[in-house]
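Novice: Please read through the structure below; I'll follow up with questions.
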Amino acid sequence: MSVQILTEEPADTLQVSRASIKLARQAIRDFELIAEGDRVAVGMSGGKDSAMLVALLHELQRMDDIPTFSIHPVHLDQHQPGFDHQGFERQLERLGITCEVVSEDTHSIVQEKLKPGQIPCSICGRLRRGILNRFCDEQGYNKLALGHHLDDAIETFLLNLFYGRRLDPLKPLTPTTRAEVVTVRPMILIEERKIAAWAVQHEVPVIDCPVCDTVPESRRRDLKGVMRQFQSLNADLHASVRTALYEP
């Protein structure tokens, strides 16, 4: 495992809407995601979600009602063919942040483990989380913040319901048994469309995954279509599910 730093000193971050900040503060308060003195690593994938997450955390860091915490952006270079490294550096420059880069060839491992017709995302995700948890533990980061949002939570709930035969939503906070690191999801109450709009508004470069986005069949992608159909029946679908899953 090797580590390098990208970009210069942090600059002013890009403003996030009041509505998104309110929902993030609610998540932090209701689920106790951040405590005084936390050292929070932020998983930076190059996507829009982690980009807004780091900007959001910088804004929350300046608020009096949020415990004092530090932010440490981290990117795992998985040696995926076609990943836009230059685009990722442009994103970091646009955000005005520094970023630690952990280099680990998980792509080769995933390709070796794949069975015919199997989608690589689940294997890749487990490897990625394990490496990031280990890295955070070694560096003394006690929290790992990920950019999962409300649409991710709904899709995960439906996947577990339809295919896993269980009622199990995505958790705002997930401890790990192998390291003293807790995964937190401060954007779990925020709709994906709000994040996409933020990235467009601020002209933040968005780097797609060169592996996941080339997979022709995906249950999660299919569920996005199902969600659109549900929204035609109930325009307030996200608010309804947010209340059902995450509010007392």
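The values are calculated or read from the model by the stated rules, or taken from the named source; none is laboratory data. These numbers come from a predicted model, not from an experiment. Neighbour counts are summed over all protein chains in view; Cβ atoms, including those assigned to glycine, are modelled from backbone coordinates with ideal geometry. With ligands, DNA and RNA removed, areas are computed over all heavy atoms of the protein, side chains included. Shrake-Rupley method; radii C 1.70, N 1.55, O 1.52, S 1.80 Å.
Novice: Would you kindly derive the ³J(HN,Hα) couplings of the range 18-27 from the backbone phi angles with the Karplus curve 6.51 cos²θ - 1.76 cosθ + 1.60 (θ = phi - 60°), listing them in order in whole Hz, with x for Gly and Pro?
Specialist: Working through the residues one at a time gives 4, 5, 5, 4, 4, 5, 5, 4, 4, 4 Hz.
Novice: Among 233, 23, 114, which one shows the highest mean-square fluctuation when the chain is modelled as a Gaussian network with alpha-carbon springs under 10 Å?
Specialist: Highest fluctuation among the options: 233.
Novice: Sticking with this one: Per the Kirkwood formula on distinct C-alpha pairs, the Rh of the range 1-146 is how many angstrom? Walk me through the numbers before you get to the answer.
Specialist: Numbers: mean 1/r = 0.0611 Å⁻¹.
Averaging 1/r across every pair of different Cα atoms and inverting gives 16.4 Å.
Novice: Give the Rg (one decimal place) followed by the Dmax (whole number) of the range 11-95, computed from C-alpha coordinates and expressed in Å.
Specialist: Every Cα atom of the range 11-95 included, Rg and Dmax give 14.0, 44 Å.
Novice: With a cut-off of 8 Å between alpha carbons and a minimum separation of six or more residues, what is the relative contact order of the chain in percent?
Specialist: 26
Novice: If N is the number of residues in the chain, what value comes out of its Cα radius of gyration divided by 2.2 N^0.38 Å?
Specialist: For the chain, the normalised Cα radius of gyration comes out at 0.99.
Novice: Within the chain, how many Lys pairs sit with Cα atoms under 23 Å apart, leaving out pairs fewer than 8 places apart on the same chain?
Specialist: Lysine pairs meeting both conditions in the chain amount to 12.
Novice: Probe radius 1.4 Å, ligands and nucleic acids ignored: give me the carbon and sulfur share of the accessible area of the chain as a rounded percent.
Specialist: That share works out to 49 percent.
Novice: Dipole size in debye (nearest 20) for the chain around its Cα centre, Lys and Arg Cβ +1, Asp and Glu Cβ -1?
Specialist: Value, rounded to 20: 940 debye.
Novice: Give the accessible surface of the chain per residue, rounded to a whole number of Å², with probe radius 1.4 Å and ligands, DNA and RNA excluded.
Specialist: 53
Novice: Charges at C-beta only: +1 for Lys and Arg, -1 for Asp and Glu. How large is the resulting dipole of the range 88-201 about its Cα centre, in Debye rounded to 20?
Specialist: It comes to approximately 380 debye.
Novice: If you build the Cα gyration tensor of the range 143-248 and take the root of 5 times each eigenvalue, what three semi-axes come out, in whole angstrom, biggest first?
Specialist: Value: 21, 20, 17 Å, ordered largest first.
Novice: Placing one identical point scatterer on every Cα of the range 45-113 and ignoring solvent, what is log10 I(q)/I(0) from the Debye formula at q = 0.17, 0.21 Å⁻¹?
Specialist: Debye curve over Cα of the range 45-113, log10 I(q)/I(0) at q = 0.17, 0.21 Å⁻¹: -0.71, -0.93.
Novice: Given only helices, namely DSSP H runs of n ≥ 4 each adding -39500 (n - 2.57), what is the per-residue ellipticity at 222 nm of the chain, to the nearest 500 deg cm²/dmol?
Specialist: -14500 deg cm²/dmol
Novice: Between residue 200 and residue 32, with labels modelled 7 Å along Cα→Cβ, what's the label distance in nm to one decimal, could you check?
Specialist: 4.0
Novice: Let me ask you something else. Report, to one decimal in Å, the Kirkwood hydrodynamic radius for the range 85-214 based on all distinct Cα pairs.
Specialist: 17.0
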